[in-house]
Structure formats: structure tokens, C-alpha cells
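Shown next, in C-alpha cells, is the structure this report addresses.
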Ligand code: NI
């Protein structure tokens with residue numbers, strides 16, 4: 001088990017567009033396992049490789065409470081979108097912040113699993129939100145990009161302040 005460091009907004013590495021996975025080897029298997037470990041440890045429901053500074057098109061998700069709903073999406077492509085829904089989203093790369101984002105209600109997608117097997121699936125509701133959110137990460141997009149520039153700037157300042165306080169606390173306990 002290996003936990004990876006999750007990049008946090010406004011880290012510029014979160015803006016890098018991920019490249020397709022071409023080799024389905026042991027290294028990819030280890031990446032997927034590390035991503036699950038990191039996501040579960042941070043209590044998230046989805047994680048894109050971009051968030052741990054690996055710029056490959058890999059997503060993991062699990063909406064279950066007990067680790068029984070593991071989903072791996074390699075090189076995912078959305079084939080169809082239907083309907084609209086607004087949902088309050090959070091992101092492990094933007095801690096403490098939640099905001100409403102509008103997304104498709106239902107999606108149909110094609111992806112590969114960790115062994116390279118191609119499959120298609122449909123998702124709706126929260127799973128559809130989660131997949132669209134994680135696929136945005138692969139494009140270097142964050143959910144805060146959907147907010148107004150003013151709100152995003154307030155958010156950036158709040159996070160910078162939060163980080164300064166954390167650093168001060170850490171310095172005091174040394
Ligand atoms: Ni996220």
C-alpha cells in the first residue's frame with residue numbers, strides 16, 4: 001500500500017492535460033492500487049491520476065461505503081449525455097470547498113479496465129457527476145472553473161490563508 005500526495009489548487013500541475021494510457025502493465029496496476037489507497041485514505045469517492053501528479057488518463061471511483069464499488073476507468077470517453085442536474089461538489093484537490101455545478105444527468109461512456117479490456121457503461125445521478133468531475137481533471141479542469149472569476153479568486157485567497165495557518169501551526173509544534 002502506498003499513499004500518494006494529492007496536489008492542491010492552485011497548483012499548476014493540476015492544469016496539465018493527461019495523456020492516453022498505452023501500456024497495460026504492472027506499473028499501471030500499481031498506479032491504480034495506489035490511487036484507491038490514496039482516495040480511501042482521504043475519504044473521497046473519486047480520484048484522477050492528475051491529482052497525484054501522474055498525467056495519464058486513469059480514474060478510480062467508489063461510491064459505496066464499504067469498498068465494494070470499485071470502478072476503474074482508463075482512457076474514458078463520453079459517448080452520449082442526457083438531461084441536466086445540479087449537484088454540490090467537493091474535490092480532494094480543493095479541500096473544504098463545496099460548490100454547485102451543473103452537469104449531464106445521464107452519460108454513456110466507453111473506457112478500458114486496468115487490463116486493457118474495453119467496455120461501455122451508463123451512469124446517472126451521483127456516479128455520473130463523479131465521472132464527469134474526474135474526467136475534467138484529465139483535461140486540467142477543476143470544478144471551481146465553473147464558478148464566477150470573483151468567487152474563484154475569493155476561494156484562492158481563502159485557501160492560501162488556510163495554508164499559511166497550517167504552516168504556522170506546523171512550525172510551532174516543531
Ligand atoms: Ni476533484
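Taking the fewest neighbouring Cβ atoms within 10 Å as the starting point, the ordered list for 143, 24 is 24, 143. Equivalent-ellipsoid semi-axes for the stretch 30-174 (Cα gyration tensor, √(5λ), whole Å, largest first): 28, 20, 13.
Computed from label points 7 Å out along Cα-Cβ, the spacing between residue 70 and residue 146 is 2.9 nm.
Rounded to the nearest 0.05, what FRET efficiency is calculated for residue 27 and residue 53 with R0 set to 25 Å and r the Cβ-Cβ distance?
Working: r = 15 Å, r/R0 = 0.60.
It comes out at approximately 0.95.
Hey, with R₀ at 25 Å, roughly what FRET efficiency would residue 171 and residue 41 work out to, going by the Cβ-Cβ distance, to 0.05?
Values: r = 25 Å, r/R0 = 0.99.
E(calc), rounded to 0.05, equals 0.50.
Cα centroids of the stretch 110-150 and the stretch 53-88: 5 Å apart.
Quick note: the coordinates plus some simple rules give every number you see, no bench work behind them. This is a predicted model, so every value here is computed, not measured. In this analysis, Cβ positions are derived from the backbone assuming ideal geometry, glycine residues included, and neighbour counts consider all displayed protein chains.
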